[in-house]
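What follows is a set of notes on a single structure, which appears directly below.
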Amino acid sequence: MYNYVYRLDHIETNEFYIGSRSSKLHPTVDPYLGSMVTWKPDKTKLIKTIIKDDFETRSDAVLYEAELISKYITDELNRNYNVPHKDSHS
């Protein structure tokens, strides 16, 4: 299982979203583009960047995701509306 943190960038608005994911597929071929309703149904304008893909556990990925979201939570282009609870994914 691959545990990784990714960033989605909208090519027209420069909005971005940071997420974490566990997948049987390597992150570079995993087609998942987040569960964001903001960009549904047209996800063709999103660019997915793998930020880090070597987490031992899903919990480790979520902790890192939370750190990044906290860093950018006040950025007006950030589409993360909350920071994941670090304890809920242990």
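The values are calculated or read from the model by the stated rules, or taken from the named source; none is laboratory data. Bear in mind the structure is a predicted one, so any value in this text is a computation, not a measurement. Backbone-built Cβ (ideal geometry, glycine too); neighbour counts: all protein chains shown. Note: accessible area is taken over every heavy atom of the protein model, side chains too, but ligands, DNA and RNA are not part of it. Shrake-Rupley method; radii C 1.70, N 1.55, O 1.52, S 1.80 Å.
Structure above, values below:
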{"item": "Flag for L68 being more than 14 Å from the chain's Cα centre (by Cα) and either assigned to a loop (DSSP other than H, G, I, E, B) or farther than 12 Å from L8 by Cβ (or both)", "result": "no"}
{"item": "Hey, I18 open to solvent by 30 Å² or more (accessible area, probe 1.4 Å), closer than 19 Å to V83 by Cα and either of a type in the set (V, I, T) or modelled with pLDDT of 95 or more (or both) or not", "result": "no"}
{"item": "Residue pairs meeting the criteria (Cβ under 6 Å; at least 6 apart or on separate chains; first hydrophobic (A, V, I, L, M, F, W, C), in the range 54-70; second assigned to a strand (DSSP E or B))", "result": "F55/N3; A61/N3; A61/V5; A61/S20; A61/F55; V62/S20; L68/I18; I69/I18"}
{"item": "V29 being among the hydrophobic types (A, V, I, L, M, F, W, C) and either surrounded by 15 or more Cβ atoms within 10 Å (Cβ to Cβ) or touching a residue at least 40 places away in the same chain (Cβ under 8 Å) (or both)", "result": "no"}
{"item": "Hits in the range 40-88 (condition: among the aromatic types (F, W, Y), more than 14 Å from R7 (Cα to Cα) and crowded, with 16+ Cβ neighbours inside 10 Å)", "result": "F55"}
{"item": "Condition check for V29: farther than 15 Å from N78 by Cβ, modelled with pLDDT of 95 or more and part of a loop (DSSP other than H, G, I, E, B)", "result": "yes"}
{"item": "Pairs with Cβ under 7 Å, 6+ apart, first in the range 78-90 and under 16 Å from F16 (Cα atoms), second assigned to a loop (DSSP other than H, G, I, E, B) and modelled with pLDDT of 50 or more", "result": "R79/E15; R79/M36; R79/T38; N80/I73; V83/I73"}
